[in-house]
1. If a residue has to be of a type in the set (Lys, Arg) and away from the ligand (no atom under 11 Å from the Cβ) to count, how many in segment 6-25 make the cut?
2. Return the pair list, or none, for Cβ contacts closer than 9 Å from residues in segment 37-57 that are in contact (Cβ under 8 Å) with a residue 12 or more places away in the chain to residues that are more than 10 Å from the ligand (Cβ to nearest atom) and aromatic (Phe, Trp, Tyr), at least 6 apart or on different chains.
3. Does residue 28 qualify as being on the phi > 0 side of the Ramachandran plot, of a type outside the set (Val, Ile, Thr), within 11 Å of the ligand (Cβ to nearest atom) and buried (at least 20 other Cβ atoms within 10 Å of the Cβ)?
4. Filter segment 84-101 for residues that are within 16 Å of residue 12 (Cβ to Cβ) and surrounded by fewer than 17 Cβ atoms within 10 Å (Cβ to Cβ); which is nearest to the ligand (Cβ to nearest atom)?
5. Quick one: count up the residues across segment 56-69 that are touching a strand residue (DSSP E or B) at 6+ places or on another chain (Cβ under 9 Å) and either part of a loop (DSSP other than H, G, I, E, B) or not assigned by TED's automatic domain parsing to the domain that holds residue 87 (or both).
6. Give 262, 268 a once-over and let me know the one that is touching a residue at least 24 places away in the same chain (Cβ under 8 Å), within 16 Å of residue 126 (Cβ to Cβ) and buried (at least 18 other Cβ atoms within 10 Å of the Cβ).
7. On the basis of being touching a helix residue (DSSP H, G or I) at 6+ places or on another chain (Cβ under 8 Å) and under 21 Å from residue 325 (Cβ atoms), does residue 252 make the cut?
8. Return the residues of segment 31-55 that are more than 29 Å from residue 108 (Cβ to Cβ), assigned to a loop (DSSP other than H, G, I, E, B) and more than 11 Å from the ligand (Cβ to nearest atom); say none if nothing qualifies.
Amino acid sequence: MDRPRTDIVLGLLREPDGRVWTEVRPDGKHLAGLRAFPGGKRRAGEALRDALARELDEEIGIRVQRARRVITLNWDYPDRHLRLIGFEVTRWTGQPRSAEGQQLAAEPLDRDARADWLAAMPPANRGLVNALVLPRCLAITPPVGADGVTAWQAGVESRLPSLPAPMLVNLRPGDAANADLPWPALARAVLAAGHWPVVNPPGDRPWPEGLDPRVGLHLNHARLLSMSDHAVRDRQARGHLVSAAVHDRATLERAIELAVDLITVSPLRETATHPGASGMGWAAFAGLAAAAPMPVYALGGVGPDDLPRIWRRGGFGVASISAFW
Ligand SMILES: Nc1nc2c([nH]c(=O)n2[C@@H]2O[C@H](COP(=O)(O)OP(=O)(O)OP(=O)(O)O)[C@@H](O)[C@H]2O)c(=O)[nH]1
């Protein structure tokens, strides 16, 4: 539902060694005791970047020199409706220091630290943390062909080293694959090539058990509708990234209920693999992206060259089979 929202600008300050600054919310404030990013409310009439500069100067005593908007998300608390606007800040002058008595620290944030960060932060911050660790490109494998699973696996594994790292790699054998898939071996090959694997079993098959927590799990349309909230939370608590395929408002609502970590939104345009499925177009994509509190990957007839356009429409990254395979 559209409602008036308070804009909150947040600085995601990243040091050259990959550490990111956070503060502990002081006693007496909303979300006291939780880790949060420095920032605060935009004032009436203030430009977002001016608000960011002011907040970071007032709160941690730095002057912003380079900042890039990475994610914008709506979040409803019982008593307030917020729009959190996250800027990745990679250059500033001054040493971050606590100007308001809050505890400040810079700690490593990467794929392996992600789960600990999420546990220490408010649920609203999941999208912000993910926007700091996720790659912009998501390669989806072509489906298993007539020559079977073994040939498919060999084809996937031979391509991995030449994909520009790091990428998300959605291991999607397609619905025609009815044999058991060698998920642990496939995931290991993706990890060994420096990428981030996401397993995507055919149809409504369940996710495989016992995978390395660095392996992500994908909700295709069938699983998005059938998987319980509990099952998804349980996997996320074990450290797995969870992605979901969104096609319209209803599937987006389900992905939001499940608090998934990222979504693909498709089809943007008609593609060779889904001929006849007309694309939703940029306006519909932008509408879904604006309502999504997680990083959004455009999928369907788009490739890495479209990234600037995707960013202008509120998306985060690009997903494709043909652009990467
Ligand atoms: N600074 C900050 N605020 C966050 C984060 N995540 C999140 O949901 N918020 C919420 O966004 C709002 C931030 O506004 P604020 O810090 O200026 O406001 P406040 O109510 O704490 O302080 P105030 O009493 O000075 O108005 C709070 O409701 C806070 O709980 C985060 O990572 N950093």
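1. The number of residues fulfilling the criteria is 2.
2. Once the first residue is in contact (Cβ under 8 Å) with a residue 12 or more places away in the chain and sits in segment 37-57, its partners that are more than 10 Å from the ligand (Cβ to nearest atom) and aromatic (Phe, Trp, Tyr) give 37/21; 38/21; 39/87; 48/87; 49/87; 52/87; 56/92.
3. No: the conditions fail for residue 28.
4. The extreme case among them is 90.
5. Total meeting the criteria: 1.
6. Values: 268 fails: within 16 Å of residue 126 (Cβ to Cβ).
Going through 262, 268 in turn, just one is touching a residue at least 24 places away in the same chain (Cβ under 8 Å), within 16 Å of residue 126 (Cβ to Cβ) and buried (at least 18 other Cβ atoms within 10 Å of the Cβ): 262.
7. Here the answer is no, as residue 252 does not meet what is asked.
8. 44, 45, 46, 47
The values are calculated or read from the model by the stated rules, or taken from the named source; none is laboratory data. These numbers come from a predicted model, not from an experiment. Neighbour counts are summed over all protein chains in view; Cβ atoms, including those assigned to glycine, are modelled from backbone coordinates with ideal geometry.
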